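The values are calculated or read from the model by the stated rules, or taken from the named source; none is laboratory data. Remember, predicted model here, so these are calculated numbers, not experimental data. Note that we place each Cβ from the backbone using ideal geometry, even for glycine, and neighbour counts take in every protein chain shown. Just so you know, the surface numbers come from the protein's heavy atoms only, side chains and all, with ligands and any DNA or RNA stripped out. Shrake-Rupley method; radii C 1.70, N 1.55, O 1.52, S 1.80 Å.
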Amino acid sequence: MDALGRKPNDSGPDGTSPVVYRLDLSDAKAYFAAERFPVEDKDILYVANADLTELEKFLGLINTLTGPAVTGAVIRNATQ
């Protein structure tokens, strides 16, 4: 907190101040900076999905719904 020029609010355990770091790991500099972060017991890490992950989930759902019909059609055409 001192390095950031902030006054500690003493709201964490043992009178410490919780700090949130936000990194964009699509940037190589942030990836290398993240490697230097020590992770302690009871630390919380939150990793958000990339934008394309939502599209991948949607396409996976479409595949789940249409896959059996497409497979059946292929098998039927192969046996004729």
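Of note:
- Identity of the residue in region 2-18, assigned to a loop (DSSP other than H, G, I, E, B), closer than 16 Å to ASP43 by Cα and open to solvent by 60 Å² or more (accessible area, probe 1.4 Å), that ends up modelled with the highest pLDDT: PRO18
- Residue satisfying all of: in region 19-31; part of a loop (DSSP other than H, G, I, E, B) and aliphatic (A, V, I, L, M); nearest to LEU45 (Cα to Cα) among these: VAL20
- Of all residues making up region 35-80, the number that are of a type in the set (Lys, Arg) and part of a helix (DSSP H, G or I): 2
- Matching residues in region 32-54 - criterion: being surrounded by 10 or more Cβ atoms within 10 Å (Cβ to Cβ) and at pLDDT 85 or above: ALA33, ALA34
- Annotation note: Cβ proximity below 6 Å between a residue of region 26-41 that is within 21 Å of LEU52 (Cβ to Cβ) and a residue that is open to solvent by 100 Å² or more (accessible area, probe 1.4 Å) (sequence gap 6+ or interchain) occurs for TYR31/LEU25.
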